[in-house]
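Scroll down for the structure; my scribbles are underneath it.
The values are calculated or read from the model by the stated rules, or taken from the named source; none is laboratory data. Keep in mind it's a predicted model, so treat the numbers as computed, not measured. Ideal geometry is used to build each Cβ from the backbone, glycine not excepted, and the neighbour counts take in all protein chains shown. We work out accessible area using only protein heavy atoms, side chains counted, and drop any ligands, DNA or RNA first. Shrake-Rupley method; radii C 1.70, N 1.55, O 1.52, S 1.80 Å.
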Amino acid sequence: MSKLLETDFAQIYALPLEQQRDWYDHSWDDCKGSLVEVGNVQDITVTTSIRDTRIRVYSPKGDGPYPAFIWIHGGGFVFGNIEVYDPICCRITAAVKCTVISIEYGLAPEHKFPQPVEECYQTVHWIFEHAERLNILASQIAVGGDSVGGTLAAVICQLSRDSGEFKLVYQVIINAMLDLLGATEPKSRVENVEGYRLTTKGIKWFVSQYLNEASEARDPLASPLLAEYFGELPAACIITSEYDPLRDEGEMYARRLNAAGVEVCLKRYDGVIHGFFNMQETLEEAQNALALVCAKLTEVFGKELQ
């Protein structure tokens, strides 16, 4: 982690966009860990109103049908892809014995708000509609993600509750950006303003790439923490990091869910930074966080089977 913190991120942000993306993709190579064996991995293209969306389906060994966990990658809406989180998805598949489905949504600024929301929501809907083809149980589907993947997961849970088109059984929200421009004045954006990889200035840059105009940050489809109603949402596992500018909005989201009667497991990992969850090779805290996520998914899928 110390090697990562020595990176001149201001210099990275000054590079052309494609070079930034290439740097981001490879910045995880030494810390994300190796792949573990699963039953089968296949890529499928889902046609949405936004574009053709690639999903990667990781199936456990055996016959199925299985519960499913839909994963949405991080990267500030600007960076990231399925490959960055390949090891994480394989490990969840093997540990939980569920199918993991990873979504590769369109990145900003080419795909600005609300396109990633619409694309991910339509893809999740497609997954429910094609449960038999995917050899999964439509009654046991959870969603989650890291960083803005957690943002999109939270938004999808709110949308699915409101639309009634499908019912998710659990949500996993890790180091998520839930209040894009900090309207709730989270202290962690001041305490951790710089020096811990993701900076407060960096957050503003990512948001500027994602939104068409700053006023969109007040829309709960962009900032799910600003929703008016938090009841009737799936139970949640919310993970935060001590040295993450986004720490406080994740913990505030947990409190608002809990106050609305939603069961929440909130865990802050001390001594670590934003993005730590993908550092499975190098951080014990990352391994412990993954074990917690796997334990909660195993628990909820077991309950649904009863």
Fill in the blank from the handout: By the mean-Cβ-within-10 Å protection proxy, highest first, 176-184, 158-166 rank as 176-184, 158-166
Problem - Euclidean distance of C-alpha centroids, the stretch 123-138 and the stretch 39-89, integer Å - result: 13
Exercise for the section: Compute the Rg/Rh shape ratio of the stretch 200-306: radius of gyration over Kirkwood radius, all on alpha-carbon atoms. Expected result: 1.01
Fill in the blank from the handout: Residue-normalised 222 nm signal for the chain, counting each DSSP H run of n ≥ 4 as -39,500 (n - 2.57), nearest 500 deg cm²/dmol, is -11500 deg cm²/dmol
Problem - Net charge dipole size for the stretch 153-306 [Lys, Arg +1 and Asp, Glu -1 on Cβ; Debye, nearest 20] - result: 40
Problem - From the C-alpha gyration tensor of the stretch 139-222, square roots of 5λ in Å - result: 26, 15, 10
Fill in the blank from the handout: Taking every DSSP bridge whose two residues both lie in the chain, the antiparallel percent to the nearest 5 is 30
Handout entry: For the stretch 11-122, size of Cβ-based charge dipole, Lys and Arg +1, Asp and Glu -1, in debye
Key = 340
Completion exercise
Expected sort for 233-241, 81-89 on mean C-beta neighbours within 10 Å, highest first, is 233-241, 81-89
Fill in the blank from the handout: One can check that the equivalent ellipsoid of the stretch 169-209, built from the alpha-carbon gyration tensor with semi-axes equal to the square roots of five times its eigenvalues, has lengths in Å, largest first, of 20, 12, 12
Fill in the blank from the handout: Under the rule rounded for a/c under 1.5, else prolate if a/b exceeds b/c, else oblate, using alpha carbon gyration tensor axes a ≥ b ≥ c, the stretch 20-65 is classed as oblate
Exercise for the section: With a cut-off of at most 15 other beta carbons within 10 Å, and DSSP calling the residue loop, which chymotrypsin sites (Phe, Trp or Tyr not before Pro) in the stretch 222-306 qualify? Please list them. Expected result: Y229
Practice task
Work out the length of the dipole vector of the stretch 123-217 about its Cα centre, built from +1 on the beta-carbon of each Lys and Arg and -1 on the beta-carbon of each Asp and Glu, and round it to the nearest 20 debye.
Solution key: 220
Completion exercise
For I238, the net charge from surrounding residues (Cβ-Cβ under 13 Å; K, R +1; D, E -1) works out to 0
Handout entry: Ordering of 37-50, 205-218 by packing [mean C-beta count within 10 Å, highest first]
Key = 205-218, 37-50
Practice task
Using the heavy atoms of the protein chains and a 1.4 angstrom probe, tell me the accessible area per residue for the chain in square angstrom.
Solution key: 41
Handout entry: Positive-pole candidate from G150, L211, G275, dipole of the chain, charges at beta carbon
Key = G150
Handout entry: Cα radius of gyration and Dmax for the chain (Å)
Key = 17.7, 53
Exercise for the section: Find the Cα radius of gyration of the stretch 38-162, compare it with 2.2 N^0.38 Å by division, and give the number to two decimals. Expected result: 0.97
Exercise for the section: Could you grab the relative contact order for the stretch 64-112? Cα pairs under 8 Å, six or more apart, rounded to a whole percent. Expected result: 50
